[in-house]
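Coordinate-derived values only; no laboratory data. Worth saying up front: this structure is predicted, and the values here are computed from it rather than measured. Because the Cβ atoms are built from the backbone with ideal geometry, glycine has one as well, and the counts that use them run over all protein chains shown.
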Amino acid sequence: MTLTKKSEGIYTDDSKIQILNELDSIIFDCDGVLIDIKKSYDETIIKTTQYVLEHLAKIDSSIDVDFKIIDGFKSTGGFNDEVDLTYAAIISLVAAKKLEKDPTNFIFDVIENSDHTGIVSVEKYVENQIDISEIKKQLSYPGTHHENPLYQIFDQIFYGPELYQKLFNKTSNFSGVGLIEQDDVILNDMLFEKLQKKFN
């Protein structure tokens, strides 16, 4: 699958466009369709990556993951899961540090050599250049959602202490408001009216 960038943050698989003309109904995904998650999930990717690099990998001189990096990984077609993307960014930046390469250039090399297989392609590319077994062992990703360290850090930052406690019955190690609070509902009455007219 090859995705074509149509505009900032919007990618399509052109081979599927004709199929759209034959549809008689649509089903909405929530994230990024009904709810604008850029300010929550993307910021959680950034903060989780920073935290893991500083506290687990002991790297405090790396680049900040930004929206160009996030969109770069997503454009490969293999990163629909934000925690997968976070993991890919972390192991890429750890590898860059170990290789003594410019982290910005290296992470974009990783993105360029990634594909629809997501973290499989990232691990393969990075491990062909340097041993990253230590950070992989620390993160033990993917693992189970409730027990995996990377999932736990991501979820605590995303949900915030109250909601994390409610959802997982565990105490968060992070304070402050969860980034989920930054979500914006996209769906509005005007869009409902347009959809009603178009799809009845």
*Scan the range 17-77 for trypsin sites (Lys or Arg not before Pro) in coil per DSSP, keeping those whose Cβ has at most 12 other Cβ atoms within 10 Å, and list them by number.*
LYS58
*Which order do SER121, SER61 fall in if you start with the one that has the fewest other Cβ atoms within 10 Å?*
SER61, SER121
*Long-range amide H contacts for TYR11: which residues qualify at under 5 Å (H placed 1.01 Å from N, peptide plane, sequence gap of 5 or more or a different chain)?*
LYS6
_Other-chain or far-sequence residues with amide H under 5 Å of ASP36's (modelled H)_ = ASP184, VAL185, ILE186
*asked:* Order these by the 10 Å Cβ neighbour count, fewest first: THR48, THR76, THR117.
replied: THR117, THR76, THR48
*Would you mind ranking LEU3, LEU93, LEU150, LEU53 so that the residue whose beta carbon has the fewest other beta carbons within 10 Å leads the list?*
LEU3, LEU150, LEU53, LEU93
*Which residues make up the longest stretch of the chain that has no GluC sites (Glu not before Pro) in a DSSP loop with at most 10 other Cβ atoms within 10 Å?*
23-99
_With an 8 Å Cα cut-off and a minimum separation of 6 or more residues, compute the relative contact order for the range 38-182 in percent._
25
_Under the √(5λ) rule applied to the eigenvalues of the Cα gyration tensor, what semi-axes describe the equivalent ellipsoid of the chain? Give them in Å, descending._
32, 23, 14
_Given LYS16/LYS97; LYS39/LYS136; LYS6/LYS58; LYS5/LYS194, the pairs whose alpha carbons are separated by over 31 Å_ = LYS16/LYS97; LYS6/LYS58
*DSSP loop chymotrypsin sites (Phe, Trp or Tyr not before Pro) in the range 135-200 with at most 14 other Cβ atoms within 10 Å of their Cβ, which ones?*
none
